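The structure appears below as structure tokens.
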Amino acid sequence: MKPKTTDLQIRGIPVKTRDALRRKAESKGLSMSQYLVDLIRRDVDKLPLEEWLALVRTDPPVKLGRPAAEVLREVHDEEDARWDAYFGFDAPPER
């Protein structure tokens with residue numbers, strides 16, 4: 001059974017915004033209506049920040065054994081090293 005739908009009209013959209021929406025829709029191979037319905041659906045399905053924070057606050061604290069900033073710096077450094085190796089930035093320049 002096809003879900004029930006309705007039409008929605010939005011007035012006062014700046015031309016530049018409409019054109020940008022059209023380009024984004026075309027880049028994804030969608031009509032502007034399809035693109036906007038998907039955009040609205042994603043926003044509606046997203047948990048509001050206040051609800052997400054309340055949910056996160058119910059979790060017990062995580063004990064890392066060291067400062068979180070130190071762990072994040074280490075992870076970022078490892079990720080940077082992987083990308084450097086991938087793109088060859090860690091190799092000496094060829095002469």
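Computed values, structure above
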{"read-out": "Most positive-pole-ward Cα, W52, I13, S27, against dipole of the chain from beta carbon charges", "value": "I13"}
{"read-out": "Protein-only accessible surface order, largest first, of Y86, Y35 at 1.4 Å", "value": "Y86, Y35"}
{"read-out": "About the Cα centre, charge dipole magnitude for the chain (Lys/Arg +1, Asp/Glu -1 at Cβ), debye", "value": "860 debye"}
{"read-out": "Dipole magnitude (debye, nearest 20) for region 24-74, charges at Cβ of Lys, Arg, Asp, Glu", "value": "120 debye"}
{"read-out": "Globularity index of the chain, i.e. its alpha-carbon radius of gyration over 2.2 N^0.38 Å", "value": "1.86"}
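The values are calculated or read from the model by the stated rules, or taken from the named source; none is laboratory data. Computed from a prediction, not measured in an experiment: that's the story for all the values here. Cβ atoms come from the backbone with ideal geometry, glycine included; neighbour counts cover every protein chain shown. Just so you know, the surface numbers come from the protein's heavy atoms only, side chains and all, with ligands and any DNA or RNA stripped out. Shrake-Rupley method; radii C 1.70, N 1.55, O 1.52, S 1.80 Å.
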